[in-house]
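Take a look at the structure below.
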Amino acid sequence: MFLRLLSDVRWWTASPRWRSTSSFRHMTTSAAEPPPVSLPAQAQVVICGGGIVGTSIAYHLSKLGWKDIVLLEQGRLAAGSTRFCAGIVSTVRHLSIELKMADYSNKLYEQLEQETGIKTGYVKTGSISLAQTQDRLISLKRIASRLSVMGIPCEIMAPKRVAQLHPLINIHDLVGAMYVPEDAVVSSADVSLALANAASRNGVQIHERTSISHVMVQKGFVTGVETDRGQIECQYFVNCAGQWAYELGLSSEEPVSIPLHGCEHFYLLTRPLKKPLESNTPTIVDPDGRIYIRSWQGGILSGGFEKNPKPIFTEGRNQLEIQNLHEDWDHFEPLLSSLLRRMPRLEALEIMQLVNCPESFTPDMRCIMGESPTVQGYFVLAGMNSAGTSFGGGAGKYLAEWMVNGCPSENVWPLDLKRFGALQSSRTFLRHRVMEVMPLIYDLKVPRWDFQTGRQLRTSPLYDRLDAQGARWMEKHGFERPKYFVPPGKDLLALDQSKTFYKPDWFDIVGSEVKCCKEAVCVIDMSSFTKFEISSTGDQALEFLQYLFSNDLDVPVGHIVHTGMLNEGGGYENDCSIARLNKRSFFMISPTDQQVHCWAWLKKHMPNDSNLLLEDVTWKYTALNLIGPRAVDVLSELSYVPMTPEHFPSLFCKEMSVGYANGIRVMSMTHTGEPGFMLYIPIEYALHVYNELMNVGQKYGIRNAGYYALRSLRIEKFFAFWGQDLDTFTTPLECGREFRVKLDKGTDFIGRDALMQQKQDGVCKRFTMFILEDHDTDLDLWPWWGEPIYRNGHYVGKTTSSAYSYTLERHVCLGFVQNFDEETREVLLVTPDFINRGEYEIDIAGQRFQAKAKLYPFSSLFTQRRRKDEMELSGYHGK
């Protein structure tokens, strides 16, 4: 039957009759079009792109009071990828920010027809996500627990319930499903037109058939755009060019890197069933079968994300309105086969069209949003990874807030353009990566999975040496970093393929590395850290850094300060350690993925005519973390210098010789709370110093260790990590770091006023450590991050990171606790007494585990005494 169906399909699609009846193709416009309206000479904002993303930004900017806006579309409004969108609006997302964007979009689209009078095709169908395996069901349960605390109704249900909601679905191979009744479908093109209509009523000018050739830039600021119909001067430019965002970015006078790449995306349309499907029939997502299915005009629309996607436009080919690409039934056959297994009664159904349209995908499956790090006033919203309809409304809202208010109302760092560097803009890299990304949209993503393409791009000089010793690698910002080291004799293949939500196969390996860090000495290659040097001819460097950083940097030469750069709201833009090398020079160490963000923040605030010199020296130094009580012995023997605390105090930096190598910056900190040293080694000496450390360290039990051991050590010591625990909405007062802020020094710095006000008013959330008490490490699901936290049965926050503590022999979770009024949901103050008086539970995939809350770290003996000199604390900069 399947082969006969395919032959029927091929006959239908070759038929002239079919070509004349296909109703999904773009309608041609009337030949008698009015002449185009002339472009304005200037505007405050120019938006490029008239799809659902560009019109959403125009809509939200106008709602926020900005009226002097011009939207330019090279073809017709909604004639690009938006026209071909499947129109599914789903809140089933792993990332919190994506969930919030989709939820907002859903609510916006629901009321848009009433607001504008334009039909948008909005129907609240609900969605059913199917699980063919227990691991998939666990993944859905984890999402369900997050949806529930967001106030989004959802239900984990048995296969029989699926059959009741959608009788055409074959349930024989299902183990369960998740139902989200408020998910919806829309006509994406009509939503875009409605948004454009509302924006136009608010004063936004919209011009079709207008192409932008390049963006004009002067002294790092947007000044205007050059179009095929003349120039427009502007202060802000927004690149929403979809497929062409990459090329448009590079065509600017100051190139802007926007890493995305197109792939062909297929879905089919059928004629109505004998008994037409109701328009409110639930949308089906079958990720294990790699397909989605929705009701469409009495029939169905079904597509998916195949394992072997077809990249497109690598050469940069352009076209005005994206025409339907070639059908490829052979390529679509696995998805069609999956559809027929899931809905066997469709075999005799007449297929009307196979749609093949390009979608743009990014290197990490997350959309790209934010301001360019190199050109102020140049904003981007693109790379929607086939979720433009779900995210369009929310993403447009957040970017509009960013432009008008200087920051969005939510933490959007996971989507920020500055998470990427120029290294991710290679066309070869993007082509290969999107071939991996597109299938991953439906692949089961268990904790700690890694991309396989685009690897070995940035490596330490020690990469080959460590690889030969059993290193297993993870990638961060293009940099290879060791996770752990497989001992000789272990089954490497089985270990590499171990993927689970439960206790992982590397558990004992990491445990032995942690034990060595605590009892002997370990070496961890941490070369991926971002490293900057800031210097000046006079006192400008100190004055500049004192204003940018919250802690006091006017310290004696050789001292190290843990601090951060704050925004005007007092939230962390960066978390770092700074060593004062001399009176006029400082060495700054930041998280790996902050390289672009930190550089942009520093450059943005640097005086134009200063004598400051800012240099990125990340590539110049190999960083080795020598952790453990015997680190002192190893380094003393190699340097012939006493390294005891009396001679080399905590948080101290000194240039010294190690072995034959000179100019090694040795710092008495480890980012874990354990004793030891960080060595910043000029790269030409890296192999020599490493070999010397390993040779001399043999008698002290030295071994290699990786980032998983580091993670366990830092979490059990209650160290926060920027990008996971800390973000732009987290202040030092909320995470126990008030002692790192110079509020009493009379020195002004960015964020000081906000912190002074918060100190007076009190905090509304507090960083807390949780130790799971009734959790079986061997049998129960593990916490990873994002699990809801309950206090006395009420939701109060979520975990931000977690790890197994080999010292406490328990799981430790870190997260923020808030205090909500149970009736009004008003946010109230959170005091230490509020934390200490509660009974807590952590929800892991729907199962709650009791937890003990602590505001201070445990020592290895479970004592609670906290010494400030131990608080080398949260100066951890790499997950």
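The values are calculated or read from the model by the stated rules, or taken from the named source; none is laboratory data. What you see is a predicted model; the values in this text were computed from it and never measured. Virtual Cβ from ideal backbone geometry, glycine too; neighbours counted across all protein chains shown. For accessibility, only protein heavy atoms count, side chains too; no ligands or nucleic acids. Shrake-Rupley method; radii C 1.70, N 1.55, O 1.52, S 1.80 Å.
Tabulated data for the structure shown
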item	result
Cleavage-rule hits, GluC sites (Glu not before Pro), segment 573-660, DSSP coil, Cβ neighbours within 10 Å at most 16	Glu646
Entries in Lys100/Lys124; Lys107/Lys445; Lys219/Lys397; Lys124/Lys275 that, when Cα-Cα distance is taken, lie over 22 Å	Lys107/Lys445; Lys219/Lys397
Potential extension, Trp329-Lys603 segment - 0.36 nm per residue separation minus Cα distance	93.5 nm
Ser96 versus Lys745: modelled label distance in nm, points set 7 Å from Cα along the beta carbon direction	3.0 nm
Semi-axes of the equivalent ellipsoid for the chain, Cα gyration tensor, largest first, Å	47, 33, 26
Net length gained if the chain between Glu773 and Glu519 were fully extended (0.36 nm per residue, minus Cα distance)	88.8 nm
Whichever lysines have a C-alpha closer than 17 Å to that of Lys654, once near sequence neighbours (fewer than 8 apart) are set aside	Lys531, Lys583
Ranked by how many other beta carbons lie within 10 Å on average, peptides 456-468, 800-812 from highest	800-812, 456-468
Where labels lie 7 Å past Cα in the beta-carbon direction, separation of Asn280 and Glu568 in nm	4.6 nm
FRET efficiency estimate (nearest 0.05) - Cβ-Cβ, Thr537 to Tyr856, R0 45 angstrom	0.55
Heavy-atom accessible surface of segment 220-274: percent carbon and sulfur, 1.4 Å	49 percent
Two-site label geometry, Ala158 and Gln231: point separation in nm, points 7 Å out along Cα→Cβ	7.2 nm
Sites matching trypsin sites (Lys or Arg not before Pro) across segment 193-301 that sit in DSSP coil, with at most 11 neighbouring C-beta atoms within 10 Å	Lys219, Lys274
Gain on full stretching of the segment that runs from Asp443 to His794 - 0.36 nm per residue minus C-alpha separation	123.1 nm
1.4 Å probe accessible area per residue over the chain, in Å²	39 Å²
In degrees, nearest ten, helix 752-761 long axis to first principal axis of the chain (Cα)	90 degrees
Rounded percent of accessible protein surface that carbon and sulfur make up, segment 746-793, 1.4 Å probe	43 percent
Carbon/sulfur fraction of accessible area - segment 556-697, other protein chains in place, 1.4 Å, %	53 percent
13 Å beta-carbon shell around Leu581, net charge (K/R +1, D/E -1)	+3
Distance-filtered residues of segment 524-541 - backbone nitrogen under 17 Å, label point 7 angstrom along Val555 Cα→Cβ	532-534
